[in-house]
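The numbers here are math on the coordinates, done by the rules we state, and not lab data. A quick note: this is a predicted structure, and the numbers were derived from the prediction, not measured. Every residue, glycine as well, gets a Cβ built from its backbone with ideal geometry; the counts of neighbours run over all protein chains shown.
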Amino acid sequence: MGDHSDGIPAGSDAVAKAGLHDVEKFQDPGLPPHRLRLADTDPWAAKRAERQVAILFGISVVGTLLFFFGYFFIRLDDTIGTLRIQNMLLGLGTAFAMLGIGTGIVHWARALMPDHEVSEERHELRSEADRVAAEKIVGDIIEETGIKRRPLIRNTLLGAVALAPFPAIVMFRDLGPLPADALRHTMWDKGTRLVRDPTGTPIRASDVTLGSAFHVIPDGLNNLHEGKLEEKAKAVVLLMRLDPSLLNPSKGREDWSYNGIVAYSKICTHVGCPVALYEQQTHHLLCPCHQSTFDLTQECKVIFGPAKRPLPQLPIAVDSEGYLVAQSDFHEPVGPSFWERG
Amino acid sequence: MKALSQRRRHPLAAVALLLMGLMLTGGLYAVATTVNKAKADTTYSADDAHEGGKLFVANCATCHGMGASGSPDGPSLVGVGAAAVDFQVGTGRMPMQLQGPQAQQKPKQFNDEQTRQLAAYVASLGAGPAVPEEKYLDGQGDAANGGVLFRVNCAMCHNAAAAGGALTRGKFAPALAGVANSHVYEAMITGPQNMPVFNDANITPEGKRDIITFLDTIEANGSPGGADLGSLGPVSEGLFIWIAGLGVVIAFTIWLTSRTS
């Protein structure tokens, strides 16, 4: 220990000792002089700090009582108002109960407990004697287990340890199976009717007036007992009607729309949010998550944002009863890219 | 005052000042945005078409053309129906203040009588959606079903709590709190600005009544979890916890490590 790090206030005047003549050489400045607190010198201040700590602990008691008051004495009726008051009392009560104890202890330690500085020297990390002793213990263990002399025990132990992880592999395998081609196909098929979400009622082409937007699911989705949400997440479609002269279908897509009615997948090609913000004047589709913007008049080409591919179009037609039906499934996987998509 | 100025260098003075400032601005904002529940007059007769025509020539024809046949500055109004007029004029969006990304809501320029006359005139030009019947606007429908329909058809633009949201290039979907039931209904059937049309084949009049009931219900009940911070989700909540939550953590850290006097 140095002569200036013993924590005694009177001995810590090392700063003053550093004269100007040897300023080039670095000297340990030591600890700053110890400064007495108000409560150390003034009994009245100490008394006041004591009362403050007591008040903080008292606040904790009040908080706990508040919690029990809220829990036992607030009658919950059918309105949301009483529930709201009860929640508030429970929350505030718990907060004050915890905060009162915490801040009280901290204030106690800061204002009243002794605060003289203490230095602790580092110990030597490893002594030679300790190292030899540890080596001897390991050697003794190996000797006493007799693992070198008994190969039968050693080999069966190795076998058991090597085999033990295999149940984990079987269990992790249950996370599968791999999705196979589920990402490439949806419920849509030739002749599947377009129906409204959530009612499941079919849509006539004449229902879709200019400027309309319909939120569409495939017919039969509501009757699924298993995997309904998974199928819906892939198959949801937005149906809109534009002036047919505004559509500029590329070669091979001329008959995918009907009288200006077009259907596009609602799943963003970026990370799969529902792209459902349709602006009927600009014919833009906006994704709410990352602002990818798709232009309906250019077959949902991306005109802004992080999406890389246009939204897949669902080819539609009209059946003999005048209802809108799908011509086929989507011609490409819907939604965001995945490793095997190619 | 002397006691106050003596304490101005207290370590907590800055925190107290910040809190006071925040409460003041928050309080003023709450007063300034008090819900203004207007009740539109929906009883409507077609006898006022002639008077409406005069109002139209004086106030609207500059952009929409004589006979409402449209001009380069404004679309034709033939066939938009009385509902579109009641919505656009009744919410103050028309006459438009200036050309911009979208017509903004502002104080009404015409009283209810004049709005009715204008609607009568535009309705006389061609068949279009009429002002909705009172029975669909009473807010006594099925709020739960309205919530389902709202989340499928409306929530993506207007926000799940109907707090509104941003669209592209300066356009936005407005918040729906404080909007008259008739105006909500008319917006659905006419598709004002960039809002798509939700005709009666898409959402039945009963469905629209349910949606209006849902909107009334969430507006009347408020936020069950306390302050909703504008119902803007992670944006405002994240900002709050970054500033207030981290602020409290930093304040405690400073207090823990500071020396006692």
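Couple of notes before you dig in:
- Cβ-based net charge around A:Ile85, under 13 Å, with every Lys or Arg adding one and every Asp or Glu removing one: +1
- Looking at chain B, the pairs of alpha carbons with a distance over 34 Å make up 34% of the total.
- Between 0 and 90°, nearest 10: helix B:112-125 axis offset from chain B longest Cα axis: 50
- Estimated distance in nm for a label pair at A:Ala182 and A:Val170, the labels positioned 7 Å out from Cα along Cα-to-Cβ: 2.3
- Backbone geometry of segment A:61-71 corresponds, through the Karplus equation with coefficients 6.51, -1.76 and 1.60 at θ = phi - 60°, to 3J(HN,Hα) couplings of 4, 4, x, 4, 4, 4, 4, 5, 4, x, 6 Hz, x marking Gly and Pro.
- Around A:Cys268: net Lys/Arg minus Asp/Glu count, Cβ-Cβ under 12 Å: +3
- Relative to the globular-protein estimate of 2.2 N^0.38 Å, the Cα radius of gyration of segment A:209-277 stands at 1.27.
- Length gained on full extension, A:Glu332 to A:Arg131: 65.6 nm, using 0.36 nm per residue less the C-alpha separation.
- Cα-based helix-to-principal-axis angle, B:13-32 vs chain B, degrees rounded to 10: 20
- Cβ-placed point charges (K, R +1; D, E -1), dipole of chain A about Cα centre in debye, nearest 20: 680
- Positive-end ranking of B:Ile218, B:Trp255, B:Gly230 along the dipole of chain B, with charges on Cβ about the Cα centre, is headed by B:Trp255.
- DSSP-assigned coil residues among GluC sites (Glu not before Pro) in segment A:223-323, each with at most 15 further Cβ atoms within 10 Å: A:Glu226, A:Glu321
- Near the amide H of A:Val325, within less than 5 Å, lie the amide hydrogens of A:Leu194, A:Ala317, A:Val318, A:Asp319, all on another chain or at least 5 residues away, with H placed in the peptide plane.
- B:Glu113 paired with A:Leu65, simple spin-label distance in nm, labels 7 Å along Cα-to-beta-carbon: 6.5
- Each residue of segment A:51-59 was assigned a 3J(HN,Hα) from its phi angle through the Karplus expression (A = 6.51, B = -1.76, C = 1.60, θ = phi - 60°), giving 5, 4, 4, 4, 5, 4, 5, x, 4 Hz with x at Gly and Pro.
- Across segment A:38-111, the volume of the C-alpha convex hull divided among the residues equals 64 Å³ per residue.
- Both radii are taken from the alpha-carbon atoms of chain A; with Rh as the Kirkwood radius, Rg/Rh is 1.28.
- Each peptide in B:125-134, A:308-317, A:198-207 gets a packing score, the mean of other Cβ atoms within 10 Å over its residues, and the list from highest to lowest is A:308-317, B:125-134, A:198-207.
- Placed amide H near B:Gly165: partners under 5 Å, 5+ positions off or other chain: B:Ala173
- Within the shell of other residues whose beta carbon sits under 13 angstrom from the beta carbon of A:Pro315, the net charge comes to -4, with Lys and Arg scored +1 and Asp and Glu -1.
- Rounded to the nearest 10 degrees, the inclination of helix B:49-59 to the longest alpha-carbon principal axis of chain B is 50 degrees.
- Assuming charge only on the beta carbon of Lys and Arg (+1) and of Asp and Glu (-1), the dipole of the protein assembly as shown about its Cα centre is about 980 debye to the nearest 20.
- Charge dipole of chain A about the Cα centre (unit charges at C-beta), most positive-ward option of A:Gly139, A:Val61, A:Gly272: A:Gly272
- Cβ-placed point charges (K, R +1; D, E -1), dipole of segment B:133-233 about Cα centre in debye, nearest 20: 480
- Computed from phi, the 3J(HN,Hα) profile of segment A:213-219 under the Karplus parametrisation 6.51, -1.76, 1.60 (θ = phi - 60°) reads 9, 10, 9, 10, 10, x, 4 Hz, with x in place of Gly and Pro.
- DSSP loop chymotrypsin sites (Phe, Trp or Tyr not before Pro) with at most 14 other Cβ within 10 Å excluded, longest remaining stretch of chain A: A:27-337
- Using the alpha carbons alone, the radius of gyration of segment B:133-233 stands to its Kirkwood radius in an Rg to Rh ratio of 0.95.
- Within 10 Å of each Cβ in B:155-164, the average number of Cβ atoms from other chains: 2
- Trypsin sites (Lys or Arg not before Pro) within segment A:20-111, DSSP loop, no more than 12 other Cβ atoms inside 10 Å: A:Lys25, A:Arg35, A:Arg75
- When both segment B:86-114 and segment A:262-292 are represented by their alpha-carbon centers, they are found 29 Å apart.
- Amide H contacts of A:Ile303: A:Thr293, A:Phe294, A:Asp295, each under 5 Å away and 5 or more positions distant or on a separate chain (H built 1.01 Å from N in the peptide plane; Pro and chain starts excluded).
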